[in-house]
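Read the structure below first, then the notes.
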Amino acid sequence: MSKVVVVTSGKGGVGKTTSSASIGAALAKAGQNVVVVDFDVGLRNLDLVMGAERRVVFDLVNVVQGDAKLPQALIRDKRLETLHLLPASQTRDKDALTEEGVERVIEGLRERFDWIVCDSPAGIEKGATLAMRFADVAVVVTNPEVSSVRDSDRIIGMLDSKTRRAEQGEKIEKQLLLTRYDPARAARGEMMKVDDVLEILAIPLLGVVAESPDVLTASNLGCPVTLHDPASPAAKAYTDAARRLMGEALAVRVPTEKRGFMERLFGRKAAAA
Amino acid sequence: MSLFSFFTRNRSAPVARDRLQVLLAHERALDGRGDLVALLQQEILAVIARHFPIDQEKVVVKLDRGQRVSTLEIDIEMPDEVSART
């Protein structure tokens, strides 16, 4: 049984694309057949984050509109043969997507893959609603920051009312992925703690990814952090999240601050998982 | 910087949490309100219309969700000709 996962947030810049690529790669590394679909028509970036920007020939809009067959638009990752990308169009806008067209594409992908990871655009417009429309599971990416938490709450409301599953009275699984978490600032009371955000949003926790330079390095190089630097705390958090999605009962590791005596004295800090 | 502000500086996270809790309780209520209130108004109108004609704006439904008490207020204005008959 294949699973459709939407990676969504409402707010932009919280790490949806990075998380889609990292979780997709981690699932593929575990031997699963994975496709990551970019729904951000007009502002595609998943191709760049996954290092496939020069290999895009056809895209999601071409397939939705019947101008290309699904296998023509799928790009197989050069590092992992079980990882695939379905890029978004850069020249069209979100109105080029139709619900029937997207449904057809998702059905086609369900026949080929174990996991269909849908990278949602920011906002609550058509692109975002279509990305979540046929999802079985939602990963709500949130930063410990007021505007991101508010937008996530809104998105959770939409997942419960606007998805196909919700309309049919079935449950849509929603899980929280807290990203750009700074354990040192949280410890000092400058940033909401994991529990604060969990209490407010009231959905299960999929993982906590600490703010980390490794994530930027990975996207600079066009390689998901779970492939580029699997030992880094961020990659471990994403890999654990992927294992939890696969059904493993794995306790969530919340990053804590690790500070030596000298660092404590001079106020420098390092995050560690 | 006073000694007091040294110990309390930057403890802004609890403020963020409290503001969000208040705000989201309000916004979630608004979300649900749209549908429920419209539905109630429609159904009440339909029931009344079975007995006498009534304008849509004569039935006012208000839902207020407070932290402790929520109230549902239904205000129906009888048309003059009907009140005269009864």
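The values are calculated or read from the model by the stated rules, or taken from the named source; none is laboratory data. Computed from a prediction, not measured in an experiment: that's the story for all the values here. For neighbour counting, all protein chains shown are included, and Cβ atoms are generated from backbone atoms with ideal geometry for every residue, glycine included. Note: areas computed on protein heavy atoms with side chains; ligands, DNA, RNA excluded. Shrake-Rupley method; radii C 1.70, N 1.55, O 1.52, S 1.80 Å.
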Inset, instruction - Go through the residues of the stretch A:190-205 one by one and say whether even a single one is away from every other protein chain (no Cβ under 14 Å) and either of a type in the set (Lys, Arg) or open to solvent by less than 30 Å² (accessible area, probe 1.4 Å) (or both). - result: no
Inset, instruction - Could you tell me which numbered condition A:Arg253 fails, if it satisfies all but one of (1) more than 14 Å from every other protein chain (Cβ to nearest Cβ); (2) open to solvent by less than 20 Å² (accessible area, probe 1.4 Å); (3) touching a residue at least 40 places away in the same chain (Cβ under 8 Å)? - result: (2)
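Quick check on my filter: what residues within the stretch A:40-81 are β-branched (Val, Ile, Thr) and either in a helix (DSSP H, G or I) or more than 18 Å from the chain's Cα centre (by Cα) (or both)?
Listed by number, the residues that qualify are A:Val49, A:Val56, A:Val57, A:Val61, A:Val63, A:Val64, A:Ile75.
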Inset, instruction - Please go through the stretch A:238-247 and pick out each residue that is open to solvent by 10 Å² or more (accessible area, probe 1.4 Å) and either more than 15 Å from A:Leu205 (Cβ to Cβ) or of a type outside the set (Lys, Arg) (or both). - result: A:Thr239, A:Asp240, A:Leu245, A:Met246, A:Gly247
Inset, instruction - Could you tell me whether any residue of the stretch A:113-124 is in contact with a strand residue (DSSP E or B) (Cβ under 7 Å, 6 or more places away or on another chain) and of a type in the set (S, T, N, Q)? - result: yes
Legend entry - Count of the stretch A:85-101 residues which are hydroxyl-bearing (Ser, Thr, Tyr) and in contact with a Phe, Trp or Tyr (Cβ under 7 Å, 6 or more places away or on another chain): 0
Inset, instruction - Please verify whether the stretch A:176-183 includes one or more residues that are farther than 28 Å from A:Pro87 by Cα, of a type outside the set (Asp, Glu) and surrounded by 18 or more Cβ atoms within 10 Å (Cβ to Cβ). - result: yes
Inset, instruction - Go through (1) surrounded by fewer than 24 Cβ atoms within 10 Å (Cβ to Cβ); (2) within 20 Å of A:Ala135 (Cα to Cα); (3) at pLDDT 95 or above and name the single condition A:Leu80 misses. - result: (2)
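Does A:Gln168 count as closer than 23 Å to A:Cys118 by Cβ, open to solvent by less than 60 Å² (accessible area, probe 1.4 Å) and more than 11 Å from every other protein chain (Cβ to nearest Cβ)?
no
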Legend entry - Which numbered condition A:Asn33 misses (of (1) open to solvent by 10 Å² or more (accessible area, probe 1.4 Å); (2) under 10 Å from the mean Cα position of the chain (by Cα)): (2)
Inset, instruction - Tell me which residues, restricted to the stretch A:206-237, are open to solvent by less than 10 Å² (accessible area, probe 1.4 Å) and farther than 15 Å from A:Arg253 by Cα. - result: A:Ala218, A:Gly222, A:Pro224, A:Val225, A:Thr226
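Take A:Gly66 and tell me if it is small (Gly, Ala, Ser) and modelled with pLDDT of 95 or more.
Working: small (Gly, Ala, Ser): yes; modelled with pLDDT of 95 or more: no.
No, not satisfied.
Residue by residue, here is whether (1) open to solvent by 60 Å² or more (accessible area, probe 1.4 Å); (2) touching an Asp or Glu at 6+ places or on another chain (Cβ under 8 Å); (3) part of a helix (DSSP H, G or I) holds:
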| site | (1), (2), (3) |
| --- | --- |
| A:Val102 | no, no, yes |
| A:Ile106 | no, no, yes |
| A:Val117 | no, no, no |
| A:Pro121 | no, yes, no |
| A:Ile124 | yes, no, no |
| A:Leu130 | no, yes, yes |
| A:Val139 | no, no, no |
| A:Pro144 | no, yes, no |
| A:Ser147 | no, no, yes |
